[in-house]
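The values are calculated or read from the model by the stated rules, or taken from the named source; none is laboratory data. For clarity, every value in this text was computed on a predicted model and none was experimentally measured. Methodologically, a virtual Cβ is constructed for each residue, glycine included, from the backbone with ideal geometry; neighbour enumeration extends over all protein chains shown. Note: areas computed on protein heavy atoms with side chains; ligands, DNA, RNA excluded. Shrake-Rupley method; radii C 1.70, N 1.55, O 1.52, S 1.80 Å.
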Amino acid sequence: MILAPIETKAIGAVGNTSLKEERFIDDLRNTLTGTVNECEAYSLLCRNRHFNPDIDLTTMEDAVRIPYITSQAFKKSVGLFPKLLRIPVSEIDLWTASSSTRGDPSLSGRRWEDVGTYQLAYLSLFSRLFGNEPFDTSLVFWPDPAVMKARSGNLYGKPVEPFALYIIQSERVTHDPQKLHYLMQPNKETLRMEINLPILLDRLREAVHSKERTLLIGSTPLLYLTLKDHYDRTGETFDLGSNGYLLPGAGGWDGKKGQVNISRTISKEAFVSDMTRILGIPPEHITDRYGFSESSTMLPGCYDADLRDFVYEVPPWAHALVRDPNTLEPISEYGKEGLLELITPYGMSTHAGAAVLVDDLVSLVEPTNSKISGTAIRIHGRVPHSHKAGCGVMFE
Amino acid sequence: MTFANLPEIPRRIGCDDAVAAAERLRPGITAARARPVAYYLNLLDEVGKLWSNPGYRAPIVPMLAASTGHSPELVEYEIDTLSRLLTRDYLASMVEQELGSINILDSWIQAPGLRLRRQSRGLLLHNLAGNALIVAPLSLAYGLITKNVNLVKIPTDEPIFAAAFAQSILSVSPELADELAVLQWSGSDQSVYRALFPLLDGVIHWGGEQSQRSIAHLAAEHDVPLLAHGPKFSFTYLDGPLPCDLADLAEGIASDLVLWEQKACSSPRFILVRADTGYSDAEAIAEALALSLQKATVRWPVTPSDVGRGVRVAAHRHQYELQLGLSGQGKVLASADSQSWTVVLSKILPDHAAINASTDRFVFVCPVASNEEVLAYLSSFGRHQRRLFQVMAYEGNDSDFLDTATQLGVARISRIGEMSCPAPGASHDGGYNLTALTTLHSCPDTTTNIK
C-alpha cells in the first residue's frame, strides 16, 4: 500500500517492466544534472572527476563514469548527511535511517514523494515474485509500524524514522486488514520486543486448515529462528503447500539485522530446505529481496537450487555495476566478486543517492536462468572489516 | 641454512596442553639463568643473520605476504628492518643502556656502597599481537636476553612469523627446546589463560585495549608482573623551518609510514607542520610526501589481496574529499589507483575518526601555528588517552617543548625515518623492557665496612 505521493518523474518508469533504456538515461541525466546544480557536495565530486552529466552521459556504457557516493558518507557518525541533500533541511519531510546493524545508521533526507517512489519500487517486487492476487493472510516478522514510528527521534528539527517503517507500512498485501499480523510485540512483563509465538502458530494452523493464500514476511533471523526452534522442540510442521509464500527481509543472513543478533549465520540452502520442510511450501515460493536505505530501489530475489543461493534481479528502473574492490574498476565477468554500485534516477529528488557504492560483495550471474531477463546478481555478504589493530590504537 | 621444511604452525590447544607446556618449561629456568648473557646475544645475532639472508627467508616470504596482506617486497623490507635490531652490537648496547651493565645478569656488579644483581623472572608468557612482524622478534629477544624461559602465544591473525622465528631460534640453539614453547589458542579463550596464570612468573603483552584489560585483570588476580604494550599511536612533528629540499625529509616520513603498513604503534598517523608562513609549508610537505609515497609504492608495492583495505581506503578518501573540499579546509592527494597511498592535507587537527582512518599508507598533514598549538592539541586528549601517545618523530630543537610533550604523555622522541627502529637504550612505553622482565637485587659491598 503506497501511503505517500509519487515523484512525477517516476510515474510510468518505476514498476514499468518495459521501461525503455532511452527514457532511463534521460531521467538519469536529469536527476544527476539537478543534483549537481543543487547539491554542493555532488557538484564538488563531479568537478573533481571531470564529469558533466549533460555532456558525458549519453549511453549506459557511460554509467561507469558517474561519480558515486559511498554508503559510508551517509553514516550519521561521518556528519556529511546534511551536505548530501539537494534541498535545504527545512524542506525535507524526514530523515530515513538504515537498520544500523553496527549502531551507526545511514541518514538520507527525503520528501514524502521520494518515500512514495520507494514504496512503489518495493511493491512492484510483489507482483514480480507473487503475481497480482492479494494474500488472505500475512504474518509479519516486524513490529507494527505505528510502534516503530512512536520511537522515532529528531535531527535538525526533522523526524528520524527507520526506513524499514515505510517498507513495512507498504506491506499491506491482504484482502482483509484484520488478517495482517505484526508478530513482533513487546513482552508484557519484560517489555522486550519478541515474536508472539502463540499468534504465529494459531494463524499458521488456521491458514493450513482454510487453505489460505499466506505470506510470511520479515526479519530473516527472527523468522528462521522462531520457526526452526519451534520445529526442533515439537516437530510440528505446517502444510501450507502452494498457498504458502515466504519473503525474508533484506539481509540478515549473517544472523544480524538491526537490533536482532542470533549469533550465528544462516545458510541460504539450509534456510530453504528447513522452511520447505517446516512450512510445506515449494522452494520456488521462497524469495528474498535486497536494497539499502540510501538508494530508492529494491531487487527481488528467487532461489536458484543449482547455485544454492538467491539470485536478485535488477529492475529496468535501476542499473547495477559491480566494481573490483581493489581497483574500483567495473567488473564484467560473471561470478567475480566485487562491490555493488546501484544507480537509479527515481526517488532521488532530495538527496544525492542516484549512484551509491555499498560495501556488500556481489557478483554478476550469467543469464542462463530463463526467469531473469536483465542483469542479475548474487549477494555474498559484507566486505570483511577485520583490521589488525594489535598494538596500534583504534579508538572506539 | 634454509628452512628444511616450512614453519610448523602449532595446532590450537586447550587448557591441559597449555599447562603441560608450562610445566615442561619450568625446570628450564635454572639452565636459562646459568648461561651467560653473551650466549643469548650471540644466538640472536646468528638468528638475525639467518633472517637477513634472502635465501633463508625465501620460502616463507610468500606465506607471510599472504597472511599479512603485505606485498612480498614489503615483507622483505620489514624482515631486513627487524634483523638490524638483532645484531650483537645493538643488543649489547641495549643491555648496557637499559640495565646499566652488561654483566649484571651474569654476576654481582659493584655500585657505590653495594653490589647489584639482576635475576630473570622465570617463566614468561608472551601474549603476541599480529599487526606487525617486529613484535615476535622483539618480545622473544627481550625474554631471552633476560634469561627467562618463554612460553609464546602466537597471534591467531598472523601465526606464521612468530612460529617461524621461534623455529629459527631452536634451529640455532636446539638445547633451548625445553626453554621455549610456541602455542596457539584463541585470544578469547579465557579458560586457557586462567589455567596458565597460576604457573607464570611474568607476562609481556602486546595488543588491543580489550585483550590488555583482560590480561591485566588476570595478572592482578594472580599477582603476576605484567609488562603491557597496549594500543598506542604515533605522529611526526616538523617544528619548522623546513629545509629547501624536502625530498630527504619526505623519504624518511614515507619509510616510517610504509613499514608494517602503518599498523604498528610506532607508525605515524599524522604529520604536524609548524607553518610560520601559513598553509604553504604543510602543502609543500604534503606534496613532497605524495611524491615519496609514489616512489615507495614502486619499491614496496601494495598488495591487492585485502578486500577490506580497498573499501576502507575508498570510503575514507571519499569522506575527506567531501568534508575538506566543502569546508575549504583542505584537500586529498591520492595515488591514481584506488589505494596505494593517500595524503590528506587538512587544516583541522585529526580527531579519533581521522586517527583510525590513518592506516594503510593513509596520512594526514596538518599545519600548526606554534608549539603551543601542538601542546594544546595533545592536552585535548583526556588523561587516560594520553597514555596512547607512543612515538613523536621530531624535527626541531626546542627542548622545552619536548619536556612538556613528554609530560603530556609522549613516550618516546624519535628521528624521522627511525620511528620503528630506535637507537639502543630508547625508552619503550615509558620504561625499559629488560628492567621490567628482571628483578633487581642488592647486597652490601663486602669491601665496605657496613655497620
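Key figures
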item	result
Highest-first arrangement of B:74-85, B:13-24, where packing means the average Cβ count within 10 Å	B:74-85, B:13-24
Average beta carbon contacts from partner chains per residue of B:297-304, 10 Å cutoff	1
Calculated P(r) of chain B - Cα pairs past 39 Å, %	24 percent
Dipole-positive endmost among B:His316, B:Gly252, B:Ser280 within region B:233-414 (Cβ charges, Cα centre)	B:His316
Amide H contacts under 5 Å for B:Val152, placed H, 5+ residues apart	B:His126, B:Ala181, B:Val182, B:Leu183
Bridge type composition, chain A - antiparallel percent by DSSP, nearest 5	65 percent
Calculated P(r) tail over 16 Å for region A:278-320, as whole % of Cα pairs	45 percent
Residue-averaged 222 nm ellipticity for chain A, from DSSP H runs of 4+ at -39500 (n - 2.57), nearest 500	-8000 deg cm²/dmol
Cα gyration tensor of the protein assembly as shown - equivalent ellipsoid semi-axes, whole Å, descending	56, 34, 24
Share antiparallel - DSSP beta bridges, the protein assembly as shown, percent rounded to 5	50 percent
Residue-averaged [θ]222 nm for chain B, counting only DSSP H segments that reach four residues, each worth -39500 (n - 2.57)	-13500 deg cm²/dmol
Surface accessible to a 1.4 Å probe, A:Thr59 within the full protein complex, Å²	50 Å²
Principal-axis tilt of helix A:197-210 within chain A, Cα atoms, nearest 10 degrees	80 degrees
Simple Cβ-charge dipole of region A:8-382, Lys/Arg +1 and Asp/Glu -1, about Cα centre, in debye nearest 20	860 debye
For A:320-331, mean number of other protein chain Cβ atoms within 10 Å	4
Value in Å of the Kirkwood radius, where chain A supplies the Cα pairs that are averaged	21.8 Å
Where B:Arg57, A:Arg86 fall by accessible area, highest first, once all protein chains stay in place (1.4 Å)	A:Arg86, B:Arg57
Residue-wise HN-Hα coupling along region A:154-171, computed from phi with Karplus coefficients 6.51, -1.76, 1.60 (Hz; x: Gly, Pro)	8, 9, 6, x, 10, x, 10, 10, x, 4, 4, 4, 7, 6, 5, 4, 7, 7
Percent of beta bridges antiparallel (DSSP, region B:73-196, rounded to nearest 5)	25 percent
Reciprocal mean inverse distance between Cα atoms of region A:123-214 - Kirkwood radius, Å	14.8 Å
Area of B:Ile102 that stays accessible when all protein chains are in place (1.4 Å probe, Å², to 10)	40 Å²
Protection proxy ranking of A:166-176, B:336-346 - average other beta-carbon atoms within 10 Å, highest first	B:336-346, A:166-176
Zone residues, region B:317-344, relative to B:Tyr279, backbone N less than 15 Å from point 7 Å out along Cα-to-Cβ	B:321-333, B:344
Whole-Hz ³J(HN,Hα) from phi, Karplus 6.51 cos²θ - 1.76 cosθ + 1.60, for region B:31-48, glycine and proline x	5, 5, 5, 6, 7, x, 4, 4, 4, 6, 5, 5, 4, 5, 4, 5, 5, x
5 angstrom amide H check on B:Ala129, placed H, neighbours 5+ away	B:Trp206
Residues with amide H under 5 Å from that of A:Val14, placed H, sequence gap 5 or more	none
Accessible area (Å², per residue) of region A:8-382, counting only protein heavy atoms and a probe of 1.4 Å	41 Å²
Nearest-0.05 FRET efficiency for B:Ser370 and A:Arg65, computed from C-beta distance (R0 56 Å)	0.80
Listed residues A:Tyr122, A:Tyr182, A:Ala97: farthest to the positive end of the dipole of region A:97-183 (Cβ charges)	A:Ala97
Shielding by partners, peptide B:317-328 (average Cβ within 10 angstrom, other chains)	5
Extreme residue, positive dipole direction of chain B, given options B:His352, B:Pro54, B:Phe165 (C-beta unit charges)	B:Phe165
Tail weight of P(r) past 22 Å, computed on alpha-carbon pairs of region A:263-396, percent	46 percent
Loss of accessible area when A meets B, both sides summed, Å² nearest 100, probe 1.4 Å	3200 Å²
Residue-wise HN-Hα coupling along region B:245-253, computed from phi with Karplus coefficients 6.51, -1.76, 1.60 (Hz; x: Gly, Pro)	9, 8, 4, 5, 4, 5, 5, x, 4
Magnitude of the charge dipole, the protein assembly as shown, Cβ model with Lys/Arg +1 and Asp/Glu -1, debye to 20	1560 debye
Whole-percent carbon and sulfur share, accessible surface of the protein assembly as shown, 1.4 Å	51 percent
30 Å Cα-Cα threshold exceeded, pairs from A:Lys188/A:Lys228; A:Lys76/B:Lys347; A:Lys149/A:Lys179; A:Lys83/B:Lys295; B:Lys295/B:Lys331	A:Lys83/B:Lys295
Nearest-10 value in Å² for the accessible area of B:Ser214, using the 1.4 Å probe	40 Å²
